[in-house]
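Every number here is computed from the coordinates shown, using simple stated rules; none is lab data. Being a predicted model, the structure only gives us computed values, none of them experimental. Here the Cβ is made from the backbone with ideal geometry for all residues, glycine too, and neighbour counts use every protein chain on show.
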């Protein structure tokens with residue numbers, strides 16, 4: 001029997017699903033104002049959101065392969081939602097946002113895999 005190293009994987013999965021819904025919703029509403037603004041803050045928010053979405057599966061799924069598959073789908077989610085923004089009034093498609101999404105997801109995958117495999 002495989003022992004899961006995260007004590008509450010079901011809770012993590014619920015948080016992850018809620019997070020996906022929240023990021024998806026915020027990506028397609030006409031305008032979102034964030035509390036802190038500075039140069040490149042938008043890209044930082046994108047990076048952090050997709051880092052979060054990609055690292056959580058590694059805490060929620062016992063199988064590293066399953067976690068990796070779900071985390072990789074977060075890259076596709078970020079790309080797809082960025083394309084969708086091009087059709088939302090008041091929002092624009094941005095290749096830079098897409099890059100920030102993908103870099104954040106990639107960093108989350110790297111960290112998640114490192115934690116999951118013990119750095120091996």
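Brief remarks follow.
- Förster radius 35 Å - calculated FRET efficiency between residue 92 and residue 7 (Cβ-Cβ, nearest 0.05): 0.25
- Note on residue 33 and residue 114: with the Förster distance fixed at 35 Å, the Cβ-Cβ geometry gives a FRET efficiency of about 0.50.
- Inter-probe distance in nm under a simple model that places probes 7 Å from Cα toward Cβ, at residue 19 and residue 73: 1.5
- Values [x] 6.2; [y] 8.7; [z] 8.0 are given for comparison; mean projected area of the Cα convex hull in nm², derived from the coordinates here, is the one labelled [z].
- For the chain, the longest principal axis of the Cα atoms and the long axis of helix 9-28 meet at an angle of about 10 degrees.
- Summarising the label geometry, the points placed 7 Å from Cα in the beta-carbon direction at residue 26 and residue 44 lie 1.4 nm from one another.
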